[in-house]
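The values are calculated or read from the model by the stated rules, or taken from the named source; none is laboratory data. Note that the structure is a prediction, hence the values are computed from the model and not measured. Cβ coordinates were reconstructed from backbone atoms using ideal geometry, including for glycine residues, and neighbour counts include every protein chain displayed. In case anyone asks, the SASA skips ligands and DNA or RNA and just uses the protein heavy atoms, side chains included. Shrake-Rupley method; radii C 1.70, N 1.55, O 1.52, S 1.80 Å.
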Amino acid sequence: DLDSQCVVAVSGGHHMSAVLTDEGYVYVWGASGLSKESLHETSEEIEAREEVDHMIILSGKDSGETKHDRKLSKSVPRRVIMPSSHIRISCVSAAGKHVLAVSTDGHIFSWGEGKNGTLGHGNRRDVNIPMGIKYLEPHFIANCSTGVQHSACVTLDGSVFLWGFGLYVFFLFFS
């Protein structure tokens, strides 16, 4: 329950938001790209989710149809379940439809929409659970940042890594 947590950082993008607590937990809401199995939910949140998991499409070619979507945008913040229960997060960044999170031991994780390589996994696939970025494993990551279609991180020794849609990275880096 986010109400009982002390929030130390917040990040928001066009489609989602994320907060970091002083205990190293990440909470997300909106189009987080996470499967429901990757989110911690209380029984009250499960009941609320079940009420909104079906929606009516109000416009477009499917107007009037009922749609069921396990990755439907949610308005209730829920805690992200990391790959291991001992992982605590020190930095989080959300933008577009993807999230980066840096652990206290310097590892970086990503999830959400993989369009244009924004997740850093060497492909363009979506990932619906937090996944470590293997290419960056040899480095101690100190900070991270996300843009609509790109991502970045800084290592403890000051190296900068940028990935995703090149046009945005060019303007971010040089303007």
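Mind listing whichever residues of the stretch 5-23 are open to solvent by 90 Å² or more (accessible area, probe 1.4 Å) and either among the small types (G, A, S) or over 20 Å from R88 (Cβ atoms) (or both)?
Correct list: H14 only.
Out of the residues in the stretch 104-114 that are touching a residue at least 40 places away in the same chain (Cβ under 8 Å) and more than 11 Å from the chain's Cα centre (by Cα), state the one that is farthest from G164 (Cα to Cα).
Filtering the stretch 104-114 for residues touching a residue at least 40 places away in the same chain (Cβ under 8 Å) gives 104, 106, 108, 110-113.
From what's left, more than 11 Å from the chain's Cα centre (by Cα): 104, 106, 108.
Details: T104: 24, G106: 21, I108: 15 Å.
Checked the stretch 104-114; the qualifying residue farthest from G164 (Cα to Cα) is T104.
Failed condition for A142, given (1) under 20 Å from M16 (Cβ atoms); (2) of a type in the set (A, V, I, L, M); (3) open to solvent by 20 Å² or more (accessible area, probe 1.4 Å), with all others met?
Only one criterion in (1) under 20 Å from M16 (Cβ atoms); (2) of a type in the set (A, V, I, L, M); (3) open to solvent by 20 Å² or more (accessible area, probe 1.4 Å) is unmet by A142, namely (1).
Which one of D53, D69, D62 is at pLDDT below 50 and out of contact with any strand residue (DSSP E or B) (no Cβ under 9 Å at 6 or more places or on another chain)? Spell out how you get there, then give the answer.
On the way: D53 fails: out of contact with any strand residue (DSSP E or B) (no Cβ under 9 Å at 6 or more places or on another chain); D69 fails: out of contact with any strand residue (DSSP E or B) (no Cβ under 9 Å at 6 or more places or on another chain).
When all the criteria are applied, what remains is D62.
Residues are listed down the side, and each one gets a yes or a no for (1) at negative phi; (2) surrounded by fewer than 22 Cβ atoms within 10 Å (Cβ to Cβ); (3) at pLDDT 95 or above:
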residue	(1), (2), (3)
S85	yes, yes, no
S93	yes, no, yes
L100	yes, no, yes
T104	yes, yes, yes
G117	no, yes, no
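Quick one: is V76 assigned to a strand (DSSP E or B), of a type in the set (V, I, T) and touching a strand residue (DSSP E or B) at 6+ places or on another chain (Cβ under 8 Å)?
Working: assigned to a strand (DSSP E or B): yes; of a type in the set (V, I, T): yes; touching a strand residue (DSSP E or B) at 6+ places or on another chain (Cβ under 8 Å): yes.
When the stated conditions are applied, V76 passes them.
Can you tell me which of V148, V169 is modelled with pLDDT under 90 and assigned to a loop (DSSP other than H, G, I, E, B)?
Working: V169 fails: assigned to a loop (DSSP other than H, G, I, E, B).
Among V148, V169, only V148 is modelled with pLDDT under 90 and assigned to a loop (DSSP other than H, G, I, E, B).
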